[in-house]
Amino acid sequence: MFRHQGKSRTLQHNLRIAIILSFVAGIVNVSGFLAFKQLTTNVTGHFALFIDDVANFEFWKGTIYFLYIFSFLFGSFSSSFLIEKYRKNKRLNVFALPTLIECLILITIGIVSNFVEMQYPDLIICTLLFAMGLQNSFVTKISNAVVRTTHLTGLFTDLGIDISQLFFTKYNAQKEKLKSNIKLRIYIILFFFAGGLAGGFFYSKVNLKLNTLIIGAIILLVSLFYDDLRYKLIKTRRKFHQKRMAL
């Protein structure tokens with residue numbers, strides 16, 4: 001799901017990566033909100049608050065919301081930059097780079113929270129938004145803009161549009177594609193919701209607090225290395241089969 005690109009990419013690949021990443025985004029969203037009472041997976045609300053402060057001439061107060069927005073933007077830029085820079089390296093899975101950086105961020109925040117008092121919560125919020133910018137950018141690129149996993153506003157909009165088109169005969173030729181898109185978006189929404197429930201449970205009920213982010217990182221790492229191991233196994237089997245056929 002992390003390797004296939006372009007025409008070789010199927011609905012199943014997009015479904016798998018959407019399930020994993022939306023679940024992780026749900027965990028980060030709830031954990032960040034419970035810890036800091038701020039949104040840590042999207043910037044829509046932060047932009048509204050930034051504009052409100054600017055409108056009230058409270059420029060300094062609004063600076064923090066600008067930093068939140070910039071952190072998400074910089075995460076998106078960094079992810080895309082790394083992918084483009086190393087895309088020609090055939091031996092390297094370029095989409096693994098932003099994924100590993102995201103894992104490192106989540107694990108570091110979780111571990112550090114056990115030993116250091118969070119005196120600078122805004123720094124942690126910016127870091128989480130940077131991680132979500134990384135994720136949203138690379139999943140957008142790998143899926144050709146079909147999958148986005150860190151916020152739901154656009155998903156519900158697209159879902160409503162796709163469902164409405166099923167009622168018109170002029171879209172009959174596209175019906176299968178529409179159904180695939182609807183299925184994908186419903187999966188993302190459900191697993192974002194499930195990730196949020198899991199994040200809330202582990203954060204509050206199990207009392208893991210920000211260690212909950214480590215669970216998200218582990219899920220990402222397992223899916224990433226499972227994908228690579230499966231790819232290597234398939235490649236080894238093909239070589240073995242080719243050698244047998246040659247004999």
(request) Test each condition in (1) among the hydrophobic types (A, V, I, L, M, F, W, C); (2) over 17 Å from the mean Cα position of the chain (by Cα); (3) open to solvent by less than 40 Å² (accessible area, probe 1.4 Å); (4) farther than 18 Å from residue 127 by Cβ for residue 47 and report the one that comes out false. (result) (3)
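Give the residue, chosen from 238, 244, 185, that is in contact with an Asp or Glu (Cβ under 9 Å, 6 or more places away or on another chain), in a helix (DSSP H, G or I) and at pLDDT below 95.
185 is the lone residue from the list that is in contact with an Asp or Glu (Cβ under 9 Å, 6 or more places away or on another chain), in a helix (DSSP H, G or I) and at pLDDT below 95.
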(message) Looking at 157, 153, can you tell me which residue is under 23 Å from the mean Cα position of the chain (by Cα), in contact (Cβ under 8 Å) with a residue 12 or more places away in the chain and surrounded by fewer than 12 Cβ atoms within 10 Å (Cβ to Cβ)?
(response) 153
(request) Working carefully through the options 54, 43, find the one that is of a type in the set (Val, Ile, Thr) and at pLDDT below 85. (result) 54
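Residue-wise test of (1) under 24 Å from the mean Cα position of the chain (by Cα); (2) within 30 Å of residue 155 (Cα to Cα); (3) surrounded by 18 or more Cβ atoms within 10 Å (Cβ to Cβ); (4) of a type in the set (A, V, I, L, M).
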| position | (1), (2), (3), (4) |
| --- | --- |
| 194 | yes, yes, no, yes |
| 198 | yes, yes, yes, yes |
| 207 | no, no, no, no |
| 219 | yes, yes, yes, yes |
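Which one of these is closer than 24 Å to residue 11 by Cα, in contact (Cβ under 8 Å) with a residue 12 or more places away in the chain and assigned to a helix (DSSP H, G or I): 215, 219?
Numbers: 215 fails: closer than 24 Å to residue 11 by Cα.
Being closer than 24 Å to residue 11 by Cα, in contact (Cβ under 8 Å) with a residue 12 or more places away in the chain and assigned to a helix (DSSP H, G or I) holds for just one of 215, 219, which is 219.
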(message) Quick check on residue 106: is it more than 23 Å from residue 30 (Cβ to Cβ) and crowded, with 18+ Cβ neighbours inside 10 Å?
(response) no
(message) Among (1) surrounded by fewer than 21 Cβ atoms within 10 Å (Cβ to Cβ); (2) touching a helix residue (DSSP H, G or I) at 6+ places or on another chain (Cβ under 8 Å); (3) at pLDDT below 95; (4) on the phi < 0 side of the Ramachandran plot, there is one condition residue 144 misses while meeting the rest; what is its number?
(response) (4)
(request) Those residues that are open to solvent by less than 100 Å² (accessible area, probe 1.4 Å) and under 32 Å from the mean Cα position of the chain (by Cα), I need them from segment 236-247; list them, please. (result) 236
(message) When you scan segment 178-187, do you find a residue that is in contact (Cβ under 8 Å) with a residue 40 or more places away in the chain and open to solvent by 50 Å² or more (accessible area, probe 1.4 Å), even just one?
(response) yes
(request) Please state which one of 205, 243 is farther than 30 Å from residue 33 by Cα and free of Cβ contacts under 8 Å to residues at least 24 places away in the same chain. (result) 243
(request) With the checklist (1) out of contact with any Lys or Arg (no Cβ under 7 Å at 6 or more places or on another chain); (2) closer than 17 Å to residue 14 by Cα; (3) open to solvent by 60 Å² or more (accessible area, probe 1.4 Å) in hand, flag the one item residue 202 doesn't pass. (result) (2)
(message) The conditions are (1) part of a loop (DSSP other than H, G, I, E, B); (2) in contact (Cβ under 8 Å) with a residue 60 or more places away in the chain, and residue 131 fails exactly one of them. Which is it?
(response) (1)
(message) Within segment 160-174, does at least one residue satisfy the condition of being touching a Phe, Trp or Tyr at 6+ places or on another chain (Cβ under 9 Å) and either loosely packed, with under 14 Cβ neighbours inside 10 Å or closer than 22 Å to residue 16 by Cα (or both)?
(response) no
(message) residue 150 - would you say it is part of a helix (DSSP H, G or I) and either out of contact with any Ser or Thr (no Cβ under 7 Å at 6 or more places or on another chain) or not hydrophobic (A, V, I, L, M, F, W, C) (or both)?
(response) no
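The values are calculated or read from the model by the stated rules, or taken from the named source; none is laboratory data. On a predicted model such as this, the values are computed, not experimentally measured, just so you know. Using ideal geometry, Cβ is built from the backbone for each residue, glycine included, and neighbour counts are taken over all protein chains shown. Areas reflect the complete protein model, heavy atoms only, side chains present, ligands, DNA and RNA absent. Shrake-Rupley method; radii C 1.70, N 1.55, O 1.52, S 1.80 Å.
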